[in-house]
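Colleague: Okay, handing you the structure first.
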Amino acid sequence: MSTTRHPGLNLGPHHGEADDTAEVEVFGFWVFMMSDAIIFGLLMATYVVMSGNLNGGPGPRELFELRPVFIETMLLLFSSLTFGFAQIGMKYHPHPARMIIWLLVSVALALIFVGMEVNDFITMAGKGGIPQASGFLSSFYALVPLHGIHVTAACIWALAILGQIAVYGLDDEVKTGMLRLGILWHFLDIVWIGIFSIVYIGGLA
Amino acid sequence: MTDKAAEKRKEQLSYALGFGYALLLTVPLFASVAFDWLDRSTLLWITGVAAILQIVVHFRFFLHIRLKGQTKEDLQLILFTTLVIGVMGLGTIWVIFNLMSRM
């Protein structure tokens, strides 16, 4: 336990082959995530530049609501914790029951997050906050829903892993898949830190 | 077996600690916006610092990135990505705002 072979939870030597392949596969996925981080970083920079260009349309104070954003932040943070427990369950228990339960909890939290976010967008559109209204809203809709689509894709991936377990059992492919999904899951929570800080607190403070 | 149990406890504690720190770095910010505790510029500076600290917390406790003892260049990649985002992102903001102030 003195060395870490890859980001995220390491399976450890008693997982044998899976731990060896994970070192390379997770590192590759880590490189991919870092390139995704650049996309999000630049969309945030675009948002900062465009956020003052309202074109006579509604601004952040008319469109954003603090309460749902706070609940969404807590949902993602809780799902990061429960995903950690799913990975710990996978690492220490040969039977996948614990892992499946925690994974389902994580997916449920993430899906509630996506549902609340879609509800926010509908509320915004009802107040005239549509992408074509202003530069501020165009850059908002380029950034925030892209994160929502990532979360949705991560949920689909999690369901695919549950399907793999149902067909093949908890084999090495499933284990390394879970490690990579964990990287994506925690990464998306990190992107959300940037979004709620810049877009929502920056808009409402 | 006891070794394994101790390691499991340690890893559970890592996630719980990360969760606790993240809460501490998030809840006061939202409370400050909701109850209007601070003026705008103070709050934005505090938010910026808290966001960076929280990103470090997530990397350390959820993604287990450490300063030493890693077999691959995980940390170097984060630092390089941060550099690229810094140059391109802050560069964009600097250039465009400079342009706006001249128009």
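Colleague: Hey, could you get me the Stokes-Einstein D for chain B, Kirkwood radius over alpha-carbon pairs, 25 °C and 0.890 mPa s, rounded to whole µm² s⁻¹?
Modeller: Estimated via Stokes-Einstein, D reaches 145 µm²/s.
Colleague: Okay, moving on. Write out the chymotrypsin sites (Phe, Trp or Tyr not before Pro) in region B:1-54 meeting two conditions: DSSP loop, and at most 16 other Cβ atoms within 10 Å of their Cβ.
Modeller: Answer in residue order: B:Trp37.
Colleague: Right, here's the next one. What is the set of long-range amide H partners of A:Thr4 at a cut-off below 5 Å, with H atoms built 1.01 Å from backbone N?
Modeller: Distant-sequence amide H within range of A:Thr4: B:Gln70, B:Thr71.
Colleague: If we restrict to alpha carbons, what Rg and Dmax does region A:9-149 come to, in Å?
Modeller: 19.6, 62
Colleague: By the scheme Lys and Arg +1, Asp and Glu -1, what is the net charge of all other residues having a beta-carbon under 13 Å from that of A:His150?
Modeller: Net of charged neighbours comes to -3.
Colleague: Taking θ = phi - 60°, what integer Hz values does the Karplus form 6.51 cos²θ - 1.76 cosθ + 1.60 yield along region B:44-50, in sequence order, with x for Gly and Pro?
Modeller: Calculated HN-Hα couplings, in order: 5, 5, 5, 4, x, 5, 4 Hz.
Colleague: Right, another one. Counting trypsin sites (Lys or Arg not before Pro) as exposed when in a DSSP loop with at most 14 other beta carbons within 10 Å, what is the longest stretch of chain B free of them?
Modeller: With a cap of 14 other Cβ atoms within 10 Å, the longest stretch comes to B:1-65.
Colleague: Okay, next question. B:Phe80: net charge of surrounding residues, Cβ under 15 Å, Lys/Arg +1, Asp/Glu -1, itself excluded?
Modeller: Residues near B:Phe80 contribute -2 overall.
Colleague: Only Lys, Arg, Asp and Glu count, each charged at its Cβ (+1, +1, -1, -1), so figure out the dipole size of region A:95-201 about its Cα centre, rounded to 20 debye.
Modeller: 120 debye
None of the figures in this text is laboratory data; all of them are computed from the coordinates on show. Predicted model only: the values in this text are computed from it and were never measured. Because the Cβ atoms are built from the backbone with ideal geometry, glycine has one as well, and the counts that use them run over all protein chains shown.
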